[in-house]
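Q: Before I ask anything, here is the structure I am working with.
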Amino acid sequence: MQCVFVIDQNKNQLDPCHPARARKLLASGHAAVFRCFPFTIILKDRVQEKSVIHAHRVKLDPRSKTTGVALVRVDDNKVLWAGEIEHRGQAIVDALTSRRALRHNRRARHTRYRPARFDNRRRRDGWLPPSLESRLSNTQTWVNRLARCVSVYYLSMELVKFDTQAMENPEISGVEYQQGTLYGYEVREYLLEKWGRKCAYCGATDKPLEIEHINPRSRFHDNRVSNLTLACRDCNQKKGNRTAAEFGHPEIQTKASLPLKDAAAVNTTRWELNERLSALGMPVECGSGGRTKFNRINQNLPKTHWLDAACVGESGSNIFVPAGLDALHIKATGHGSRQMCRMDKYGFPRTTAKTTNPVFGFRTGDMVKAIVPAGKYAGVYTGKVAVRASGSFNITTSSGTVQGISYKYCFTLSLRDGYSYQQKGAALPPHN
Ligand SMILES: [Zn+2]
């Protein structure tokens, strides 16, 4: 069960509570629903100053398609809330490609002279392509949203894939005896990436791989990471006490000496995210991917984005995940199209310019609940609404789109905010 966020009568953060308690508060009239996603209630007769507030930490595992989010109480490392933000990188790329094609088409048409406008624009410092920018903005949005309804004092994020600094440290010795330690993990993950997850000698991918010294340890006493590769057991034993060149693979020696740069995975987006989070004024703890995996496997947790987020960094070494906790699936949908009207395939306007006025108080994208008492569509529908001027709406529920629901039967659950939500198990949080 996800915790329910609680704010006081002045909209200041209180400690989150168990859903059962929230239900009681709502039923007794001491609280009202403030926000559906993340589910937040507002207490009518409580102020923050008279309450005990605990410190919380928001932990992030930024990936290209999905970002895992976990909210952890600092005192006991209990995960209180989890989410997975699905980004819309490809949708943005597609929209921009289509726009570019339409504009190009219009310019190339022999109507009147239309100068290209793309070379008189200047990009601001720190500009990122829109698809990457949206990933950052989504993450920032959710950190801010959480910080508004719970007292967040610390942030954690996975910054790099490998802690190369720890690996280049010459003090690390006897890597193969340290399997199960953090260093062993970092090194092993690094080697898997560098050598393409296969045996460096025979190319086998389906066998367990062992860490192997290119110049044998018995003769060269070289334990540096640049002297390590991965080999299957057969190749490792066949090679025995020979160097890779003596074994007939001189190319491996060349490849091994290449610097760490290729696999250092210095990801622009993550560094930029780190900068933006630091700007929020909270201490940001950074961890490596190797450490996340190490923490997750040590605690026997399955691989999901939100559990990875909970395992990020030093604070993720001993977390408590309550049974039945599942993540809120948050899908970035954007705020509709900025196109004034739709085009036909020749680039000519196909519809009238779209209006942004609400229809009977509803806007396309709002989350609504419709209770239809009788008729063909009798039933209860919860989902995103698409409005029509006639007042006959379409509602997209988790099981499909229902057409022709009158506005009279609808009431708003939450205004459109650029995301759609799905909670596994329960379809929606309780609503009064
Ligand atoms: Zn092999």
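The values are calculated or read from the model by the stated rules, or taken from the named source; none is laboratory data. Not measured: the values here are computed from a predicted model. Note: ideal-geometry Cβ built from the backbone for every residue, glycine included; neighbour counts use all protein chains shown. Remember, those area values only see protein heavy atoms, side chains included, never the ligands or the DNA or RNA. Shrake-Rupley method; radii C 1.70, N 1.55, O 1.52, S 1.80 Å.
Q: So which cysteines of the chain have no other cysteine's Cβ under 4.7 Å from theirs?
A: Result for the chain is C3, C17, C36, C149, C202, C235, C286, C311, C341, C410, no neighbouring Cys Cβ within the cutoff.
Q: Of Y153, Y409, Y381, Y419, which has the most accessible area and how do the rest follow, probe 1.4 Å?
A: Listed by decreasing accessible area, they come as Y153, Y409, Y381, Y419.
Q: Please compute the modelled spin-label separation between L415 and S398, points set 7 Å along Cα→Cβ, answer in nm with one decimal.
A: It works out to 2.6 nm between the two label points.
Q: If I model the chain as equal point scatterers sitting on the Cα atoms and use the Debye formula, what is log10 I(q)/I(0) at q = 0.12 Å⁻¹?
A: -1.10
Q: Cross-chain or 8 or more residues apart, Cα under 15 Å: how many lysine pairs in the stretch 306-432 fit that? Count them up, please.
A: Going through the stretch 306-432 pair by pair, I get 4.
Q: Longest segment of the chain with no GluC sites (Glu not before Pro) in a DSSP loop having at most 15 other Cβ atoms within 10 Å? Kindly include the intermediate steps, with their values, before the conclusion.
A: Details: sites that count: E171, E246.
Longest site-free region, per DSSP loop and neighbour criteria: 247-432.
Q: Now, a different point. Under 5 Å between amide hydrogens, which residues at least 5 positions from Y201 or on another chain qualify, with H placed 1.01 Å from N in the peptide plane?
A: Under 5 Å from the amide H of Y201 lie the amide H atoms of C232, each far enough along the sequence or on another chain.
Q: Moving to a separate point now. Please list S98, S131 from largest to smallest accessible area, probe radius 1.4 Å, with all protein chains kept in place.
A: From most accessible down to least: S98, S131.
Q: Springs between alpha-carbon pairs under 10 angstrom, Gaussian network model over the chain: which of H335, H87, H305 fluctuates most?
A: Among H335, H87, H305, the largest GNM mean-square fluctuation belongs to H335.
Q: Compare H213, H329, H56 in a GNM of the chain, Cα atoms joined below 10 Å, and give the one with the largest fluctuation.
A: H213
Q: Keeping all protein chains in position, work out how much accessible area T292 exposes to a 1.4 Å probe, and write it in Å² to the nearest 10.
A: Ignoring ligands and nucleic acids, T292 comes out at about 0 Å².
Q: Averaged per residue, what accessible surface does the chain expose to a 1.4 Å probe, in Å²?
A: About 55 Å² of surface per residue is accessible.
Q: Please give the direction-averaged projected area of the C-alpha convex hull for the stretch 324-432, in square nanometres with one decimal.
A: Over every viewing direction, the Cα hull of the stretch 324-432 projects on average to 8.7 nm².
Q: Beyond 24 Å between alpha-carbons counts as too far, so tell me which of K24/K50; K78/K194; K161/K255; K65/K255; K198/K239 fall in that bin.
A: K78/K194; K65/K255
Q: Taking K and R as +1 and D and E as -1, what net charge do the other residues with C-beta under 11 Å from the C-beta of L146 add up to? The partial results should precede the final answer.
A: On the way: positive: R57, K59, R145, R148; negative: none.
It works out to a net charge of +4.
Q: Please give the length that would be gained between W271 and S64 if that part of the chain were fully extended, namely 0.36 nm times their separation in residues minus their C-alpha to C-alpha distance (nm, one decimal).
A: 73.2 nm
Q: Ignoring ligands, DNA and RNA, please state the percent of accessible area on the chain from carbon and sulfur, probe 1.4 Å.
A: With neighbouring chains kept in place, the figure for the chain is 51 percent.
Q: If the stretch 1-135 were replaced by its equivalent ellipsoid, with semi-axes equal to the square roots of 5 times the Cα gyration tensor eigenvalues, what would those be, largest first, whole Å? Before the final figure, lay out each step's value.
A: On the way: eigenvalues 449, 65, 42 Å².
So the three semi-axes of the stretch 1-135 are 47, 18, 15 Å.
Q: Quick check: residue separation of Y153 and Y346 times 0.36 nm, minus the Cα distance between them. What number comes out in nm?
A: Details: separation 193, 0.36 × 193 = 69.48 nm, distance 5.38 nm.
Fully extending the segment from Y153 to Y346 adds 64.1 nm.
Q: Give me the Å³ per residue figure for the convex hull around the C-alpha atoms of the stretch 192-237.
A: Working: hull volume 2.9 nm³, N = 46.
Roughly 63 Å³ of hull volume per residue.
Q: Between R217 and S317, what's the calculated FRET efficiency when r is the beta-carbon distance and R0 is 41 Å? Round to 0.05. Don't skip to the answer; put the middle values down first.
A: Numbers: r = 30 Å, r/R0 = 0.74.
Between R217 and S317 the formula returns 0.85.
Q: Mind listing the long-range amide H neighbours of F34? Cut-off is under 5 Å, sequence gap 5 or more, other chains count too, H placed in the peptide plane at 1.01 Å from N.
A: T40, I41, I42
Q: For the chain, with only Lys/Arg (+1) and Asp/Glu (-1) charged at the beta-carbon, what is the dipole magnitude about the Cα centre, in debye rounded to 20?
A: For this selection, approximately 2700 debye.
Q: What accessible area, in Å² to the nearest ten, does a 1.4 Å probe give for H249?
A: Here the residue's solvent-accessible area equals roughly 40 Å².
Q: Whole-Å semi-axes of the stretch 338-402's equivalent ellipsoid, largest first, each the root of 5 times a Cα gyration tensor eigenvalue? It would help to have the intermediate numbers written out before the result.
A: Numbers: eigenvalues 155, 35, 23 Å².
Sorted largest first and rounded, they come to 28, 13, 11 Å.
Q: Once you put a point 7 Å from the Cα of N241 and another 7 Å from the Cα of R107, both along the Cβ direction, what distance in nm separates them?
A: Taking the simple label geometry, N241 and R107 are separated by 7.0 nm.
Q: Quick query: amide H of R416 versus all other amide H atoms, modeled in the peptide plane; which residues come in under 5 Å with a sequence gap of 5 or more or a different chain?
A: Placed amide hydrogens put D366, M367 under 5 Å from R416.
Q: For the stretch 401-406, what does the Karplus curve 6.51 cos²θ - 1.76 cosθ + 1.60, with θ = phi - 60°, yield as ³J(HN,Hα) per residue in whole Hz, taken in order and with x for Gly and Pro?
A: Rounded to whole hertz, the list is 9, 9, 9, x, 9, 5.
Q: If you average 1/r over all unlike Cα pairs in the stretch 42-119 and invert the result, what Kirkwood radius do you get in angstrom? Walk me through the intermediate numbers first.
A: On the way: mean 1/r = 0.0562 Å⁻¹.
Result for the stretch 42-119, one decimal place: 17.8 Å.
Q: Figure the gain on full extension for L258 and S226 (residue separation times 0.36 nm, minus the Cα-Cα span) and round it to one decimal in nm. If you can, show how the numbers build up before the last one.
A: Working: separation 32, 0.36 × 32 = 11.52 nm, distance 0.80 nm.
Full-extension gain reported as 10.7 nm.
Q: What figure, in Å² to the nearest 10, do you get for the accessible area of T412 with a 1.4 Å probe and non-protein molecules left out?
A: Solvent-accessible area, nearest 10 Å²: 50 Å².
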